[in-house]
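Novice: Structure below; questions to follow.
The values are calculated or read from the model by the stated rules, or taken from the named source; none is laboratory data. In this text the structure is predicted, and so the values were computed from the model without any measurement. Every residue, glycine as well, gets a Cβ built from its backbone with ideal geometry; the counts of neighbours run over all protein chains shown.
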Amino acid sequence: MKVFVTGANRGLGLSLVKSGLERGHIIFAAVRSLADKQIDDLQQLKDKYEGQLRIIHMDVTNEKSVEHAAEAVKLTDQYLDVIINNAAILNERDKTIEELDIHACLQAFDVNTLGPLRVVKHFLPVLRMERQRKKVNNQAIINISSEAGSLSNAYSGDYPYGMTKVALNMLTEKLKVYLKDDQINVISIHPGWMKTDMGGNNAPKLPKDTADNIFAIIENGLEIEQRFAFLDDTGNPMDI
Ligand SMILES: NC(=O)c1ccc[n+]([C@@H]2O[C@H](COP(=O)([O-])OP(=O)(O)OC[C@H]3O[C@@H](n4cnc5c(N)ncnc54)[C@H](OP(=O)(O)O)[C@@H]3O)[C@@H](O)[C@H]2O)c1
């Protein structure tokens, strides 16, 4: 399969790239910066898995950048089967509502909610082109969400993060309705608490294990039976 991953230079994004390559998929790794230091790991993977990995510059907060990234994928004449909206930020962590910086809250929405919206806006034609070209199964848009975006799990703190992920789950539900006839699966996935820059060292899960689980979901072409398409990385339903 041909899989596009955002925020691919570190954390879960980088693990998704590794898992996808190991499983023989073609991966388009989108990164906010092409600086050597930022993409060192990806360059090594590119050498190891010759012809399987393309590194694409894309800042999800910049619509022109997203548009150019979609054009860059189209120019390879490869098109796509799967988009994984993984890039996100977790800011204003332990602040009370009285302390919140509203500009930082807007920034969180710009990356975590509007980022995936921009990506789907410009990459949907790339998914559809693949479908037109050959009969493909298992096309999917995966939005990496969080249990922090579950209304029944609301806690005080992480205000912008939780709100952006609820809104992302709504994007999933809307796309699911819109893309029903295209047979493109749309799912929000809570990846678990992982050892990454965002999750910190105390996290119990390795991002590589989550990435392998997410690829298993993609490869199995999961049929969503429950009302909402919000799952954990093993495919179990999450509370809304
Ligand atoms: N870690 C956890 O425990 C946990 C738990 C629940 C959900 N999640 C979700 O899992 C996903 C991955 O998290 P993670 O732990 O891997 O996070 P991370 O280690 O902080 O990595 C975040 C990634 O997002 C990228 N990014 C940030 N702003 C961007 C922008 N404007 N344009 C493009 N890319 C941008 C970063 O790129 P730069 O390096 O350029 O900044 C980086 O590659 C996120 O959606 C997160 O909300 C994580």
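Novice: Kindly provide the set of residues from region 27-65 that are part of a loop (DSSP other than H, G, I, E, B), farther than 19 Å from T76 by Cα and either touching a helix residue (DSSP H, G or I) at 6+ places or on another chain (Cβ under 6 Å) or near the ligand (Cβ under 8 Å from one of its atoms) (or both), ordered by number.
Specialist: Listed by number, the residues that qualify are R32, S33, D59, V60, T61, N62.
Novice: Just to be sure I understand, how many residues within region 124-170 are assigned to a helix (DSSP H, G or I), under 30 Å from M1 (Cα atoms) and more than 14 Å from the ligand (Cβ to nearest atom)?
Specialist: Qualifying residue count, region 124-170: 11.
Novice: Give the residue that is modelled with the lowest pLDDT, with candidates limited to residues of region 71-88 that are assigned to a loop (DSSP other than H, G, I, E, B) and crowded, with 18+ Cβ neighbours inside 10 Å. Can you show your working first?
Specialist: As a first pass, look at region 71-88 and keep what is assigned to a loop (DSSP other than H, G, I, E, B): 76-81, 86-88.
Then drop every residue that is not crowded, with 18+ Cβ neighbours inside 10 Å, which leaves 79-81, 86-88.
Working: Y79: 89, L80: 95, D81: 95, N86: 98, A87: 98, A88: 98.
Checked region 71-88; the qualifying residue modelled with the lowest pLDDT is Y79.
Novice: Limited to region 7-26, what total is found for residues that are within 6 Å of the ligand (Cβ to nearest atom), part of a loop (DSSP other than H, G, I, E, B) and touching a strand residue (DSSP E or B) at 6+ places or on another chain (Cβ under 6 Å)?
Specialist: 1
Novice: For N91, only one of the following conditions fails: (1) out of contact with any Lys or Arg (no Cβ under 8 Å at 6 or more places or on another chain); (2) within 15 Å of the ligand (Cβ to nearest atom); (3) assigned to a helix (DSSP H, G or I). What is its number?
Specialist: The number of the failed condition is (3).
Novice: Has region 216-234 got at least one residue that is under 21 Å from G115 (Cβ atoms) and touching a Lys or Arg at 6+ places or on another chain (Cβ under 6 Å)? Please lay out each step first, then the result.
Specialist: To start, the set of residues in region 216-234 that are under 21 Å from G115 (Cβ atoms) comprises 218, 229-231, 233.
Imposing the further condition that a residue be touching a Lys or Arg at 6+ places or on another chain (Cβ under 6 Å) reduces the set to 229.
Within region 216-234 (the criterion being under 21 Å from G115 (Cβ atoms) and touching a Lys or Arg at 6+ places or on another chain (Cβ under 6 Å)), the answer is yes, since at least one residue qualifies.
Novice: Next up: Are any residues in region 191-201 near the ligand (Cβ under 6 Å from one of its atoms), part of a loop (DSSP other than H, G, I, E, B) and not acidic (D, E), and if so, which ones? Break it down into steps so the answer makes sense when it comes.
Specialist: We begin by selecting, within region 191-201, every residue near the ligand (Cβ under 6 Å from one of its atoms); these are 191, 193-194, 196-199.
When the remaining residues are screened for being part of a loop (DSSP other than H, G, I, E, B), the result is 191, 193, 196-199.
Result: P191, W193, T196, M198, G199.
Novice: Residues in region 223-231: is at least one part of a loop (DSSP other than H, G, I, E, B), within 16 Å of the ligand (Cβ to nearest atom) and surrounded by fewer than 20 Cβ atoms within 10 Å (Cβ to Cβ)?
Specialist: No, there is no match, as no residue in region 223-231 is part of a loop (DSSP other than H, G, I, E, B), within 16 Å of the ligand (Cβ to nearest atom) and surrounded by fewer than 20 Cβ atoms within 10 Å (Cβ to Cβ).
For (1) buried (at least 20 other Cβ atoms within 10 Å of the Cβ); (2) of a type outside the set (S, T, Y); (3) more than 25 Å from T196 (Cβ to Cβ), each residue gets a yes or a no:
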{"residue": "A69", "(1), (2), (3)": "yes, yes, no"}
{"residue": "D94", "(1), (2), (3)": "no, yes, no"}
{"residue": "I102", "(1), (2), (3)": "no, yes, yes"}
{"residue": "D110", "(1), (2), (3)": "no, yes, no"}
{"residue": "G115", "(1), (2), (3)": "yes, yes, no"}
{"residue": "L124", "(1), (2), (3)": "no, yes, yes"}
{"residue": "A140", "(1), (2), (3)": "yes, yes, no"}
{"residue": "E147", "(1), (2), (3)": "no, yes, no"}
{"residue": "M163", "(1), (2), (3)": "no, yes, no"}
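Novice: Let me ask something additional. On the basis of being exposed (fewer than 15 other Cβ atoms within 10 Å of the Cβ) and under 30 Å from G157 (Cα atoms), does R10 make the cut?
Specialist: On the way: exposed (fewer than 15 other Cβ atoms within 10 Å of the Cβ): no; under 30 Å from G157 (Cα atoms): yes.
Considered against the rule, which asks whether it is exposed (fewer than 15 other Cβ atoms within 10 Å of the Cβ) and under 30 Å from G157 (Cα atoms), R10 comes out as no.
Novice: Another question, then. Output the qualifying pairs, or none if there are none: Cβ atoms under 6 angstrom, residues six or more apart or on different chains, first residue in region 176-202 and closer than 20 Å to T113 by Cα, second residue away from the ligand (no atom under 16 Å from the Cβ) and among the basic types (K, R).
Specialist: V186/K176
Novice: From the residues in region 202-213 that are more than 9 Å from the ligand (Cβ to nearest atom) and assigned to a loop (DSSP other than H, G, I, E, B), which one is farthest from the chain's Cα centre (by Cα)?
Specialist: Pass one, region 202-213, residues more than 9 Å from the ligand (Cβ to nearest atom): 202, 204, 206, 208-209, 211-213.
Now drop any that are not assigned to a loop (DSSP other than H, G, I, E, B), which leaves 202, 204, 206.
Values: N202: 23, P204: 21, L206: 17 Å.
Per the criteria, the residue is N202.
Novice: I've got another one for you. Would you mention how many residues in region 194-208 are out of contact with any Asp or Glu (no Cβ under 9 Å at 6 or more places or on another chain), within 17 Å of D233 (Cα to Cα) and of a type outside the set (S, T, N, Q)? I'd like the intermediate steps shown before the answer.
Specialist: Narrowing region 194-208 to residues out of contact with any Asp or Glu (no Cβ under 9 Å at 6 or more places or on another chain): 195-204, 206-208.
Adding the requirement that they be within 17 Å of D233 (Cα to Cα) leaves 195-196, 199, 203-204, 206-208.
Within this subset, residues satisfying the condition of being of a type outside the set (S, T, N, Q) are 195, 199, 203-204, 206-208.
The number of residues fulfilling the criteria is 7.
Novice: A further question follows. Take S188 and tell me if it is over 25 Å from N62 (Cβ atoms), within 16 Å of the ligand (Cβ to nearest atom) and at pLDDT 95 or above.
Specialist: Values: over 25 Å from N62 (Cβ atoms): no; within 16 Å of the ligand (Cβ to nearest atom): yes; at pLDDT 95 or above: yes.
Spelling it out, it is not the case that S188 is over 25 Å from N62 (Cβ atoms), within 16 Å of the ligand (Cβ to nearest atom) and at pLDDT 95 or above.
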